[in-house]
Every structure is written in C-alpha cells, then in structure tokens.
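S.K.: Starting off with a structure, shown below.
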Amino acid sequence: MTETDDKAGQPAILIDPIDMSKLDSGFRSEIKNMPDGDEINACFACSTCTAACPIANVWKYKPHQLIRMILLGMREEVLSSEEIWLCLTCFQCQERCPQKVRVTDIFFDCKNLAAEEGKIPENIKGLARELVENGQLYQVTADWEREDMGLEPEVPGLSTDGIKAILKGTRTGKITGGEE
Ligand code: SF4
Ligand code: SF4
C-alpha cells in the first residue's frame, strides 16, 4: 500500500490493487480461532489502534491495516511483514480499541504462525539463539568491571542453567538449533 498526494494538492490515499487470487479465505478464521482472535471480526477500521501506536508512523502497514489484511485473507503479506516483528508489545493499541480487538495479542499469534513457517527475521533468530544458549539476552558485566565498582565477581544467586534447560526443550530451542 502506498500513500501519496494528488497533483491538485488534495491528500489522497492510493491503495495498491489486491490480487484476489492470492487471498487465503481461511486466514481470518485461523486467527479468530486462536486464543486472542475472538473479537477480530468486530473491527470497524476506526484506526484508533494506529493513532495509539508509538511507532506506526514508520511502519509500511499500520496496525489497523494489518488487522484489515487479516480479515481480507492476506496471509502471505501479513506473515511476511516485518511490522509484526517490529511491534513493541506496548499494548497501547489493544488498550484503546473500542471493539476490544486484541491487536497486540493477534500480532503475537501472527508471529507464532510466521515462526512455524520459518519466517523469522535473522536478528530475531539471533536474539532467540542468545537466549537459548546463554539463558539471558545480555551478558552480565565482566568480572573486572564489577571489581572496579566494588562488586563481587559473580552476581549472587544468578543461575541461568534452569532457563537454558527449559528453553532447549521448547520449539524456540529447536528452531534456533536448526532442528526444524
Ligand atoms: S482500534 Fe480496534 S476497531 Fe479500530 S481499527 Fe484498530 S482493531 Fe479495528
Ligand atoms: S503493541 Fe505494537 S502495534 Fe500496538 S501500539 Fe504497541 S507497538 Fe504499536
């Protein structure tokens, strides 16, 4: 979809034609039947979710457009979109939706579906791998830095072994380990 201004100076929104042959008529039901999709049919395209979103202005597809695309059956476009991964999960859209559409949670569902199909951006995969291998996303400050600050070399009580063991048995562990 593209936004542009017409030559007469009037703002206009031009929507790229939708290739009906590529629509997946089951996608709406697929999302609706997921734990968070109950209210998606109630969306009346008011754009409140987009108005509430702190980063929608840099998204190609805005939150209300993604919801509309799901309703239309644009499965490939939604699951391949980078926006579902850029979502900050701040829940502003979901909090404000007058129709109680669980926008943020639906984007979680879309991420899960995309991941099942191997459509995971490389940077996200890298973060997941870090989490599975080290049990945490950020390494604790090096020993010498802790010493400089007068702290014990090891963080008291910190153990990531349990987290690593759990994650290795999950789908995330398998996907990041290249098993799927
Ligand atoms: S705020 Fe709710 S009803 Fe309005 S466009 Fe977004 S999802 Fe649809
Ligand atoms: S949860 Fe995601 S889509 Fe919703 S307002 Fe926050 S960043 Fe935007």
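The values are calculated or read from the model by the stated rules, or taken from the named source; none is laboratory data. Quantities reported herein were computed from a predicted structural model and do not represent experimental measurements. Here the Cβ is made from the backbone with ideal geometry for all residues, glycine too, and neighbour counts use every protein chain on show.
S.K.: Restricting to the stretch 19-36, and then to whatever is among the aliphatic types (A, V, I, L, M) and not in a helix (DSSP H, G or I), can you tell me which residue is farthest from Lys111 (Cα to Cα)?
M.R.: Among residues in the stretch 19-36 that are among the aliphatic types (A, V, I, L, M) and not in a helix (DSSP H, G or I), the one farthest from Lys111 (Cα to Cα) is Leu23.
S.K.: Could I ask something else about it? Being closer than 21 Å to Val78 by Cα and not in a loop (DSSP other than H, G, I, E, B): is that true of Ala128 here?
M.R.: The answer is no for Ala128.
S.K.: Still on this model: Go through the stretch 11-34 and give me each residue that's free of Cβ contacts under 8 Å to residues at least 12 places away in the same chain and either away from ligand 1 (no atom under 16 Å from the Cβ) or of a type in the set (Phe, Trp, Tyr) (or both).
M.R.: Scanning the stretch 11-34 gives Pro11, Ala12, Pro17, Asp19, Met20, Ser21, Ser29, Asn33.
S.K.: From the list Ile31, Ile18, pick out the single residue that is of a type in the set (A, V, I, L, M), out of contact with any Phe, Trp or Tyr (no Cβ under 8 Å at 6 or more places or on another chain) and within 16 Å of ligand 2 (Cβ to nearest atom).
M.R.: The match here is Ile31.
S.K.: Scan the stretch 11-19 and give yes if some residue there is modelled with pLDDT of 95 or more, more than 19 Å from the chain's Cα centre (by Cα) and not aliphatic (A, V, I, L, M), otherwise no.
M.R.: no
S.K.: Between Leu131, Leu71, Leu151, which is without any contact (Cβ under 8 Å) to a residue 24 or more places away in the chain and out of contact with any strand residue (DSSP E or B) (no Cβ under 9 Å at 6 or more places or on another chain)?
M.R.: Result: Leu151 is the single residue among Leu131, Leu71, Leu151 that is without any contact (Cβ under 8 Å) to a residue 24 or more places away in the chain and out of contact with any strand residue (DSSP E or B) (no Cβ under 9 Å at 6 or more places or on another chain).
S.K.: Name the residues in the stretch 70-129 that are in contact with a Cys (Cβ under 9 Å, 6 or more places away or on another chain) and away from ligand 2 (no atom under 14 Å from the Cβ), would you?
M.R.: Leu71, Leu79, Pro98, Gln99
S.K.: Identify all residues within the stretch 40-61 that are outside any helix (DSSP H, G or I), at pLDDT below 95 and either within 16 Å of ligand 1 (Cβ to nearest atom) or under 12 Å from Arg75 (Cα atoms) (or both); write none if there are none.
M.R.: Matches in the stretch 40-61: Trp59, Tyr61.
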